Amino acid sequence: MWIDISVPLGADAPAWPGDTPYSARWTWSLKTGGSVNVSAITLSPHVATHADAPFHVRLDGAKSERLPLAAFLGRCTVVDVRGNGGELQVASLGAAARGNVERVLLKTGHGVAGGTFPDAWPWLALDAVRDLLRRGLRLLGVDAPSIDARESKTLDVHHALFAGGAYNLENLDLRYVAAGSYELFAAPLAVAGIDAAPVRALLRPLS
C-alpha cells in the first residue's frame with residue numbers, strides 16, 4: 001500500500017512569507033462558452049512538497065531539470081524527532097545514526113500540512129549532516145518548510161548536502177507516517193531552468 005506524503009499544490013498550501021503563493025485562473029471555461037476548461041497557475045516552486053536544486057543556493061549549481069531521479073527513488077528511513085527543538089545532533093536520530101543510510105526523512109511535527117506556516121522547526125547540525133554523508137546519504141527530507149533553520153541566511157545544511165552530492169525534499173506530510181523503513185517514490189517534475197521542482201511523494205512500508 002502506497003502512502004501519499006505530499007502536501008497538495010493549492011491555495012491551502014502556505015508559501016514562505018514573502019514568496020509567491022499559489023493562485024489559479026481560467027484561460028478558457030465551459031461555463032463562459034469555451035469548448036474546454038483550461039487553467040493557468042502561478043506559484044513559487046517552493047510551495048507545497050518540492051525538491052530544491054543546487055541552483056537555489058549556488059549560482060554555478062545545477063538547475064531543476066538536472067535533479068537525479070535515483071536520489072529520490074528507493075529505500076528510506078523515517079525518523080521521528082518530534083519533541084526536539086533547535087539543532088539536532090546525531091544522537092537524536094536513533095537507529096538512523098547507525099550503519100549506512102541513503103535516504104532519511106525527518107518527522108519534526110512542524111510542517112505546513114494543514115495550512116499553517118510554522119514559526120520554527122528543528123534542523124540537523126552540520127556535524128550530523130556530514131556524518132550521514134560519510135555513510136552514504138543521498139537524500140534528506142523534512143516535513144518542515146526547510147532543511148535549515150527558519151532564520152538561517154547562510155543555508156549551511158543546503159550547501160553541505162549539495163557539496164556532498166546529496167539532495168533534499170521539503171514540505172512533506174508525515175503526520176500519519178510512523179517511524180520505520182519504507183520504499184520512497186518522490187520524482188521531481190522535469191521543470192527546466194529554475195531553482196526547485198514540485199514533487200508527488202509516496203511511501204510504501206517495508207516492515
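May I ask you to list the trypsin sites (Lys or Arg not before Pro) in the stretch 120-207 that are in a DSSP loop and have at most 16 other Cβ atoms within 10 Å of their Cβ?
The qualifying sites are ARG135, ARG150, LYS153, ARG175, ARG200.
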Taking H as built 1.01 Å from N, whose amide H comes closer than 5 Å to the amide H of LEU67, not counting residues under 5 places away?
-> none
A chain fully extended from ALA70 to ALA11 at 0.36 nm per residue, minus the present Cα-Cα distance, gains in nm 18.2 nm
Any idea which of THR77, VAL57, ALA11 is furthest toward the positive side of the dipole for the chain, if Lys and Arg beta-carbons carry +1 and Asp and Glu beta-carbons -1?
-> THR77
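Just the number, please: Stokes-Einstein D of the stretch 14-87 in µm²/s, Kirkwood Rh from C-alpha pairs, 37 °C, 0.692 mPa s. Present the calculation step by step, with values, prior to reporting the outcome.
Values: Rh = 16.5 Å.
The estimated diffusion coefficient comes to 199 µm²/s.
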Stretch THR32-THR154 to full length: gain in nm at 0.36 nm per residue minus the Cα-Cα span?
-> 39.0 nm
Residue-wise, which Karplus ³J(HN,Hα) couplings in Hz belong to the stretch 188-197, taking 6.51 cos²θ - 1.76 cosθ + 1.60, θ = phi - 60°, and x for glycine or proline?
-> x, 5, 7, 9, 8, x, 10, 9, 6, 9
What number comes out for the charge environment of LEU203, summing +1 per Lys or Arg and -1 per Asp or Glu over other residues with Cβ under 10 Å away?
-> -1
Would you please give the residues with an amide H less than 5 Å from that of LEU169, counting only those at least 5 places away or on a separate chain, with H modeled from the backbone geometry?
-> LEU140, GLY141, VAL142
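Return a whole-number percent for the relative contact order of the chain, with Cα pairs under 8 Å and 6 or more residues apart as the contact set. Present the calculation step by step, with values, prior to reporting the outcome.
On the way: 498 pairs, mean separation 60.8, N = 207.
Computed over the chain, the figure is 29 percent.
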If you bin every alpha carbon distance in the chain into 5 Å steps from zero, what whole percent lands in each bin?
-> 1, 8, 16, 20, 20, 16, 9, 4, 3, 2, 1, 0, 0
Using just the helices of the chain, give the 222 nm mean residue ellipticity in deg cm²/dmol: DSSP H runs with n ≥ 4 each add -39,500 (n - 2.57), and the total is spread over all residues, rounded to 500.
-> -2500 deg cm²/dmol
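For the ranges 95-107, 8-20, 158-170, 42-54, what's the packing order if you count other beta-carbon atoms within 10 Å of each residue, average per peptide, and put the highest first?
On the way: 95-107: 18.5, 8-20: 14.2, 158-170: 20.8, 42-54: 22.7.
Ranking the peptides 95-107, 8-20, 158-170, 42-54 by packing returns 42-54, 158-170, 95-107, 8-20.
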What is the dipole size for the chain, taken about its Cα centre, with +1 at each Lys and Arg Cβ and -1 at each Asp and Glu Cβ, in debye to the nearest 20?
-> 460
What are the chymotrypsin sites (Phe, Trp or Tyr not before Pro) within the stretch 2-48 that DSSP puts in a loop, where the Cβ has at most 13 other Cβ atoms within 10 Å?
-> TRP2
Along the stretch 129-143, Karplus-curve 3J(HN,Hα) (6.51, -1.76, 1.60; θ = phi - 60°) to the nearest Hz, with x for Gly and Pro, reads 4, 5, 5, 5, 4, 5, 9, x, 4, 10, 8, 10, x, 9, 7
Where does the charge balance sit around SER39 when Lys and Arg score +1, Asp and Glu -1, over other residues with C-beta under 13 Å from its C-beta?
-> +2
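Only the coordinates and a few stated rules stand behind these numbers; no lab work does. Nothing here was measured: the structure is a model prediction, and the numbers come from that model. Because the Cβ atoms are built from the backbone with ideal geometry, glycine has one as well, and the counts that use them run over all protein chains shown.
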